[in-house]
Amino acid sequence: MLQTKIESQSLSKFQQKRRVLVIGAGYSGSKIVQEIQRNPYSSLTVIGFLDDDSSKIGRKIEGIKVLGKISEINKLAEAYQIDEVIVAMPSASNEKICNIVQATQGMPFKLKVLPGRPEILTDTPFTNQVRDIQIQDILGRPEVILDFSEEFNGQFPSAYEQVFESRVLVTGAGGTIGSEICRQLARLKPKTLLLLGRGENSIFKIKQELSRLFPELETVTIIADIRHKQRMDAIFSIWQPELVFHTAAHKHVPLMQENPTESLENNVFGTGNLAQLAAKYGVKTFVMISTDKAVNSTNFMGLSKRLAELTVKSFSVQSETRFLIVRFGNVLGSRGSVVPIFKEQIARGGPVTVTHREMTRYFMTTPEASQLVIQSLAVGKSGQILILDMGEPVKIYDLAERMIELAGFLPGDDISIEVVGCRPGEKLHESLVNDSEQAFKTEHPKIMGVFEAMPSSDAWQEIKQELKEAIDDNLSSEQLWERAIHCQKMWYKIKS
C-alpha cells in the first residue's frame, strides 16, 4: 500500500511537469535537455526538438527525438500538448527570433529563450538562464560580439591583458550599465573590483550577485558621491585603482530639465573630480561613459554630458593617464528608459504613449554597450571619443508595436498607442557625431573614433568656477542654459 502511494505521488509529480519543445538541436539544446534530465526536481519534461537541419529530423539527441522543422512549431505544439517552448539558439539572428515570435502569436504555450552569446554565463546551468523573450531579442539587428583577448594594434594590449590582475574601479556600479560592466569585468579576472555608488541597495545587489557567480574575485563596496572630492580623494589614495570605468551620471532628460543644477553638479563637477584624481594618482586608463544626447545638445542632460566629455578630453592633454570616452545610444531596458515604461503601460492595459510618430533612437543591448566600453581599452588613444557601429536607428512607434505584440496583444485593437507630443528638450532624431566632429575607422571593424579639436588643458578651473557661480546665483533655467553654453565655448577660447 505504501509503495502504491509513493508511485501515485511520483505519477502526480510527473503529470504536473510542463511539457517542453526545444528549438535548436545543437550544443545548447542538448545541454538544456541534459540538465533537465539530470535534475530530479525539474518541473520540465522535454517532449522533442525542432530544428531546420533536415539531416537531424527523426534522429534522437539525448534520447529525445527531433520532431520536425521550426516552421511546424504550432502544429507540433498542439499535437503534443506543449506547455512551453525554449528557443536554444544563442547565435540565432534577431530576425529569426522575431519570426518565431510572430509565428506563435496567440498560441497557448509559453515562449522562452536562452540568451544570446554576450549574455550567457558558461559556468552557470543553461536552464537557469532561460528567460522570457525580451525586446532586445527581436530588435531587428545583429548584436556586436567583441573578443576581449584580441589585440588590434601594437600600441595597446588586449582588454583581457589590461584587466587581468588589475585593481579596477567602477562608478555607478549598481546601475544598468555599471552592473553589467562589473559582470563582464569579473570574467576577465581583475585582482580587485571596486563597486562605487550612491544607492546602497543597488550596490548590495551587484555585490551579492558577483560573490555568488565569482566567489574567487575580491569585490569591495564603496558608498560615496562623486561630487564629494575629499571622499573621492581618500578612495583613490587607499585603493590606488589602475583602471576606472566612470558610469555614474544623471541621465533622465525630463528630470534633468526640471533639475538642471543637479545635472551640472553631478555630471560635470563629479566627472571633473574623478578625472583630476585619476591624473593625480596615476590611473593607467580612465573610461567615461557618454551618450548620443551630448551631440548638438538641446537639453540639460545632454549638455552636461558634453561638458563632461570636454572635461575628460582636457585632462588627456597633459596627463600620463589615458583618458577615453565611449559614446552610445539608448540602452534597452535600462532603468527609466522607454522599454520598462512601455512594459508598465502594457501591463496596465494601455495606452502606450509615444511622443512623436516619427521619432527615432539608436538602441543597443546592455551587454553590447558594456562590451564596447571594455573593448575601448584595446583601441582607444588618449583623448578619443569612441562610438559603436550601431546600425540604423529604430522608430519608437515601431518599438511600441513590437512590445505590444511580444506581450501577446494586437496594437490598436487590444492596446492603443497614443501620440502625446515631444517633451521639453527632446529631439526627433539623435546623432552620434556633432557638426564639428568627424568619424573615422579604428583598427576594430565595429568601433569608430571621433576626430575634433582638443579643448584647452587650462580651462577646467575657470569653467568650473563659472558654472558654480551660475548655480549659486539661482538663475532661471533659460539663464543657466546660456551660461552653460558659454562654458562649452570657453573650452576652445582659453589658450593652453
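The values are calculated or read from the model by the stated rules, or taken from the named source; none is laboratory data. Since the structure is predicted, the reported quantities are computational estimates derived from the model, not experimental observations. FYI the Cβ positions are ideal-geometry reconstructions off the backbone, even for glycines, and counts take in every protein chain you see.
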| said: Take the conditions surrounded by 14 or more Cβ atoms within 10 Å (Cβ to Cβ), farther than 20 Å from ILE385 by Cα and outside the structural domain of ALA308 (by TED's automatic domain parsing) and apply them to ALA400. Does it pass? | reply: no
| task | Could you list, in sequence order, all residues of segment 131-187 that are of a type in the set (A, V, I, L, M) and either within 15 Å of the chain's Cα centre (by Cα) or modelled with pLDDT under 85 (or both)? | result | ILE133, ILE135, ILE138, LEU139, VAL144, ILE145, LEU146, VAL170, ALA173, ILE177, ILE181, LEU185
| request: Please enumerate the residues belonging to segment 402-440 that are hydroxyl-bearing (Ser, Thr, Tyr) and at pLDDT 85 or above. | output: SER416
| request: Of all residues in segment 339-392, count the ones that are on the phi > 0 side of the Ramachandran plot and of a type in the set (Phe, Trp, Tyr). | output: 0
| message | Whether any residue in segment 365-381 is at pLDDT 90 or above, surrounded by fewer than 24 Cβ atoms within 10 Å (Cβ to Cβ), in contact with a Ser or Thr (Cβ under 6 Å, 6 or more places away or on another chain) and part of a loop (DSSP other than H, G, I, E, B) is what I want to check. | response | no
| Near pairs, Cβ below 8 angstrom, 6+ apart or cross-chain, from segment 212-235 (in contact (Cβ under 8 Å) with a residue 60 or more places away in the chain and aliphatic (A, V, I, L, M)) to any residue that is in a helix (DSSP H, G or I) and surrounded by 15 or more Cβ atoms within 10 Å (Cβ to Cβ) | LEU213/ARG183; LEU213/ALA186
| task | Look at PRO241 and say whether it is of a type outside the set (Phe, Trp, Tyr) and more than 16 Å from VAL170 (Cα to Cα). | result | no
| Quick one: is GLY350 more than 30 Å from TYR160 (Cβ to Cβ) and touching a Ser or Thr at 6+ places or on another chain (Cβ under 6 Å)? | yes
| Which condition does ILE206 not pass, out of (1) assigned to a loop (DSSP other than H, G, I, E, B); (2) buried (at least 23 other Cβ atoms within 10 Å of the Cβ), if it passes all the others? | (1)
| Positions within segment 293-310 being in a helix (DSSP H, G or I) and among the aliphatic types (A, V, I, L, M), in sequence order | ALA294, MET301, LEU303, LEU307, ALA308, LEU310
| task | Would you mind finding the one in GLU344, GLU358 that is of a type in the set (Asp, Glu) and either assigned to a strand (DSSP E or B) or out of contact with any helix residue (DSSP H, G or I) (no Cβ under 9 Å at 6 or more places or on another chain) (or both)? | result | GLU344
| Mind checking which residues of segment 273-292 are surrounded by fewer than 22 Cβ atoms within 10 Å (Cβ to Cβ) and of a type in the set (D, E, K, R)? | LYS280, LYS284
| said: Can you confirm whether LYS75 is surrounded by fewer than 18 Cβ atoms within 10 Å (Cβ to Cβ), basic (Lys, Arg), assigned to a strand (DSSP E or B) and without any contact (Cβ under 8 Å) to a residue 40 or more places away in the chain? | reply: no
| query | When you go through SER314, SER290 one by one, which is the residue that is assigned to a strand (DSSP E or B), in contact (Cβ under 8 Å) with a residue 12 or more places away in the chain and small (Gly, Ala, Ser)? | reply | SER290
| query | Looking at this structure, is ILE32 in contact with a Lys or Arg (Cβ under 6 Å, 6 or more places away or on another chain) and either surrounded by 13 or more Cβ atoms within 10 Å (Cβ to Cβ) or in a helix (DSSP H, G or I) (or both)? | reply | no
